[in-house]
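Presented below is the structure to which this report refers.
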């Protein structure tokens, strides 16, 4: 394989053009990327990372002899890669669109250069560039804009450093005072939506000045700022992104996509085999279901093909009756996937889950509902548009065999069929099912209609929930309809009730169990209202209540609505002596719930965080009487509960989607023994279950959130992991996606503050824990590569909970790395 030369390894290239993928020999690090058809694998020779230098030595860490490539790695990019690739042509096009009389206003500068969403930061850049050129006007010509653009897009690090320094040095005296540092901290915090850092700007200004101005001169200079920007990453960060070179070198033997096979037929066949391997559970279930539906249709179709009625109504009646037989089957089957207690018991107590995809129960319920819709369309359509008209217009000779079924006198008109028992029950069922089916669609269930739409008040979760209960009427009418058939008189041939009897009985038992189980209220032990509109409820654990991490419960608050039950993931671990949930405000019910509990909480005392809270677990005189009554029902099984089947876990949560995964992290932590090992039996088990060992030996937890306040939700868990996990079984990665990625000029100062704060106090500036926060979203392909290399020949359970936008990427990566490496990734998605 030939590898094109991407740069000079000896460092002779100019700093503005030299690639940052190659480092000088004195660094001892070389990275090579080999592209193999449709994939790539990165092989690194990595030397050990030195310990984090103590504070006060930032100046000493900086070595001016470092190559320009290594320097540029840290960035200070004023132009993102995407915008930079578009080049001046795209900027010029935006200028032509935004200009007024050939001039670009200062307020539109950020949008013009591709820095949307950071208008204040862009205007400060505008001012510094104008100040450098002696300009005092608030507008730019196209030529002046191009001059600005060339400076901002300059790839030389020294030039970018000078631009950043000029931006901070507002009086252009070559020195940065503490007041100017404070202003740029506040500006950077605003650009990255970090309100807490902005509020503590004075504290962080003092931190920077203490580090860079040890002689208390009252200012810092360019070389001081450069030293701070070029400080080495901490050991913790380096450790999270590097692995021993001997282990990484094994990546060469990974089974990537074959490079010599160019046959489309062979490639498609391989992709088909991959699809079958990943979806074999779904395939056999769907194949069985479709086969049964087809068999029932054909059986009934042939039966009516040989009856006298066929000579009048023809294939219409055979089609209607074939569809009716599939309807009986599907109306019975559609109840089983929503029998939550039964499914939870089966997946928890038996091994059937090894062949049945219980995680797809709701999806299968929807597929069956679609089958019902098709059956209704064929059955009702054939009867109304074909069978009845043919009978009305049949000759007396053809009608003669029909007298035992329709009477000696032929039905006089169409209304005769409609007003009959079979007719009106069928029509009412179709109407009720249509209403429930339409309001169950995501567009209506999630109330995505515009506020001006008159139907908005008639949609939403409540509309979905209550209209779905119309099926109690539908099933009653179905039995009546099935006993009032025109062409079947013998009772034992009227089989509708035979199909639905057991499923209806089972579902009825489920509802009765739920009614009795949710009768007693739980006691509130602790309440906290966190930033990001999150309500945390800590409750007493009901007697005999046993659950697994990853499961969920239904909650009812009669002070909000006596009839509504809403599902929430359990965030406490099975070994905890309490039950907890974290509820994000996303609709009317959760908003009202947060309001009633907020009113019952005491305001924060002086010196405490600004959170509304109430703690009744420490003998405080507060009474549960002031809190609204809370009922729970559950627990119920969920995909995340299967984590115990894997030695290695990759847990990925987006925002409030981290809730079931936090329970898993806590459960793993509870199984870490004082010596640092993982083991122990499952809690709450009986008999043989008690002897089952806890399998998980390694867990990677990635939590991505847009808001810095979100880290308050699980700060206690983060600190607990850092304190108890001596052998680093659990690896935590917090990502704040509102912060621009490292290397962006807008986040440069935030990165500096984070390094200083963590080196000096061991506390992250965003999360307030020892877990260091990463900026921007993770590179998921790199995450999967690292896990694959670290855990060869092992099964990795990938559990995701969050918005569905990330599901296709994670599912595809799991499939890719399963097929191309010797590590098997099994993807599980929480129904969120």
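Readers should treat all values here as calculations from the given coordinates under stated rules, not as data from a laboratory. Bear in mind the structure is a predicted one, so any value in this text is a computation, not a measurement. Every residue, glycine among them, receives a Cβ derived from its backbone with ideal geometry; neighbour counts consider all protein chains shown.
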Q: Give the order of 540, 598, 549 when sorted by the count of other beta carbons within 10 angstrom, beginning with the fewest.
A: 598, 540, 549
(Q) I'd like to compare 382-393, 403-414: which one has the highest average count of other Cβ atoms within 10 Å, and what's the full order after that? (A) 382-393, 403-414
Q. Tell me, 487, 105 in order of fewest to most beta-carbon neighbours within 10 Å?
A. 105, 487
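Students often check this: by mean Cβ neighbours within 10 Å, which of 631-638, 578-585, 88-95 ranks highest, and how do the rest follow?
631-638, 578-585, 88-95
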Q: Please work out the Cα center distance from region 630-653 to region 766-832, rounded to the nearest Å.
A: 17 Å
Q | Listed peptides 660-667, 791-798 by packing density, highest first (mean Cβ within 10 Å) | A | 660-667, 791-798
Q. Where the centroid of each part is defined by its Cα atoms, how far is region 475-541 from region 385-452 in Å?
A. 28 Å
